[in-house]
Amino acid sequence: MPELPEVEALADHLRRHAVGRTVQRVDVSAISVLKTFDPPLTALHGRIVTDAHRWGKYLGLQADDLYLITHLSRAGWLRWSDKLAPTPLKPGKGPIALRVHLGEGSGFDLTEAGTQKRLAVWLVDDPAAVPGIAALGPDALSLGPEELAEVLAGQTGRIKNVITDQKVIAGIGNAYSDEILHVARLSPFATAGKLTAAQLSALHDAMINVLSDAVTRSVGQQAATLKGEKRSGLRVHARTGLPCPVCGDTVREVSFADKSFQYCPTCQTGGKVLADRRLSKLLK
């Protein structure tokens, strides 16, 4: 799933390549991705792209006073082309859900792989009209140490769940939460509201450093290379069974019904191996 660094890089890519170009037309292949109907997508036709934005993990293209906003969800992506095929999309065919034709033949596709179709698109005159954006907590990179402590105060959930709750902190997903907690040397199961001052400081430093480093590595990349760049910078996420780059211990995994997370026992849990929820169910 694209998270804050990748979405920021995609917004930067659109600022550099789309701003100043005219929207020629918008083709929709998967009508289910559209979450608004007024104004219609045709309202974008003839408008000049003026900016691109990121709100948490939401990506937006601004054309005058309208915003075409998408949440790429787990398997969505933006694919840019300097020379788009001019032929209209065929409904329901292939991974392309929506195509934006811009001036000089350029433009981009919003694509989604897999069978679980969750990519969503809104056309609004105010980003706050998108319910998910209106409900976002403060952006992860905007939080100072004191603000982070205030956000987590009283939270009874596990820190892994809390920092990935977009209503609490915006922008962090499954992958970067694993990386942040590893750098902070925190157990994913630690109670968010009971962290010590030292743990809060370590968490804040890790959050800013991990995300800032990922943004620096991602911005300027072509959209097609962003996924590979993300994978190359991961220390524990998606590295189950490999050695921890810090201590050499084996990276472990905890699996749930439809997702999993990774951690290092030596660095994060005092050597304790956390129970794998999927395996625990099989043993009952």
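The values are calculated or read from the model by the stated rules, or taken from the named source; none is laboratory data. Because the structure is predicted, anything quoted here is derived from the model rather than measured. Glycine gets a Cβ as well: all are built from the backbone with ideal geometry, and neighbour counts include every protein chain shown. Ligands, DNA and RNA are stripped out before the accessible areas are found, and what is left, the full protein with its side chains, is counted by its heavy atoms. Shrake-Rupley method; radii C 1.70, N 1.55, O 1.52, S 1.80 Å.
Search region 7-19 for residues that are part of a helix (DSSP H, G or I) and pair each with any residue that is crowded, with 21+ Cβ neighbours inside 10 Å and among the hydroxyl-bearing types (Ser, Thr, Tyr) when their beta-carbon atoms are under 6 Å apart and the residues are at least 6 apart or on different chains.
Hits for this filter: Ala9/Ser218.
Can you tell me which of (1) farther than 25 Å from Leu10 by Cβ; (2) at pLDDT below 95; (3) part of a helix (DSSP H, G or I); (4) not polar (S, T, N, Q) is the one Asp205 doesn't meet?
Looking at each condition in turn, Asp205 falls short on (2).
Quick check: is even one residue across region 174-182 farther than 17 Å from Gly56 by Cα, surrounded by fewer than 17 Cβ atoms within 10 Å (Cβ to Cβ) and not polar (S, T, N, Q)? Full working, then the answer.
Of all residues in region 174-182, those farther than 17 Å from Gly56 by Cα come to 178-179, 181-182.
So of that shortlist, the ones also surrounded by fewer than 17 Cβ atoms within 10 Å (Cβ to Cβ) come out as none.
No, region 174-182 has no match at all.
What about Cys267, is it more than 25 Å from the chain's Cα centre (by Cα), part of a helix (DSSP H, G or I) and at pLDDT 80 or above? Let's see the steps before the verdict.
Numbers: more than 25 Å from the chain's Cα centre (by Cα): yes; part of a helix (DSSP H, G or I): yes; at pLDDT 80 or above: yes.
Yes: the conditions hold for Cys267.
Within region 190-207, track down each residue that is out of contact with any Gly (no Cβ under 9 Å at 6 or more places or on another chain) and either crowded, with 18+ Cβ neighbours inside 10 Å or over 25 Å from Asp276 (Cβ atoms) (or both). Before the answer, list the steps.
As a first pass, look at region 190-207 and keep what is out of contact with any Gly (no Cβ under 9 Å at 6 or more places or on another chain): 190, 194-203, 205-207.
Hits for region 190-207 are Ala190, Leu195, Thr196, Ala197, Ala198, Leu200, Ser201, Ala202, Leu203, Asp205, Ala206, Met207.
Against the definition (surrounded by fewer than 21 Cβ atoms within 10 Å (Cβ to Cβ) and assigned by the TED database to the domain that holds His17), how does Gly92 come out, yes or no? Quick ask: steps written out before the conclusion?
Values: surrounded by fewer than 21 Cβ atoms within 10 Å (Cβ to Cβ): yes; assigned by the TED database to the domain that holds His17: yes.
It is true that Gly92 is surrounded by fewer than 21 Cβ atoms within 10 Å (Cβ to Cβ) and assigned by the TED database to the domain that holds His17.
Residues of region 3-22 being out of contact with any strand residue (DSSP E or B) (no Cβ under 7 Å at 6 or more places or on another chain) and open to solvent by less than 10 Å² (accessible area, probe 1.4 Å), which ones?
Passing the criteria: Glu3, Leu4, Pro5, Glu6, Ala9.
Which members of region 151-173 meet the condition of being assigned to a strand (DSSP E or B) and open to solvent by 30 Å² or more (accessible area, probe 1.4 Å)? Working first, answer last.
Narrowing region 151-173 to residues assigned to a strand (DSSP E or B): 158, 170.
Of everything in region 151-173, just one residue is assigned to a strand (DSSP E or B) and open to solvent by 30 Å² or more (accessible area, probe 1.4 Å), namely Arg158.
Mind listing whichever residues of region 222-234 are in contact (Cβ under 8 Å) with a residue 60 or more places away in the chain and open to solvent by less than 50 Å² (accessible area, probe 1.4 Å)?
Answer for region 222-234, where residues must be in contact (Cβ under 8 Å) with a residue 60 or more places away in the chain and open to solvent by less than 50 Å² (accessible area, probe 1.4 Å): Ala223, Leu226, Lys230.
In region 249-259, how many are open to solvent by less than 60 Å² (accessible area, probe 1.4 Å) and in contact (Cβ under 8 Å) with a residue 40 or more places away in the chain?
Here is the first cut: in region 249-259, the residues open to solvent by less than 60 Å² (accessible area, probe 1.4 Å) are 249-251, 253-255.
Of the ones still in play, those that are also in contact (Cβ under 8 Å) with a residue 40 or more places away in the chain are 254.
Total meeting the criteria: 1.
Are there any pairs with C-beta distances below 8 angstrom linking a residue in region 95-111 that is under 18 Å from Met1 (Cα atoms) to a residue that is aromatic (Phe, Trp, Tyr), with the two at least 6 apart or on different chains, and if so which?
Pairs found: Leu110/Trp77; Thr111/Trp77.
In the set Leu148, Leu110, which member is part of a strand (DSSP E or B), among the hydrophobic types (A, V, I, L, M, F, W, C) and in contact with a helix residue (DSSP H, G or I) (Cβ under 9 Å, 6 or more places away or on another chain)? Spell out the reasoning first.
On the way: Leu148 fails: part of a strand (DSSP E or B).
After ruling out the rest, the residue left standing is Leu110.
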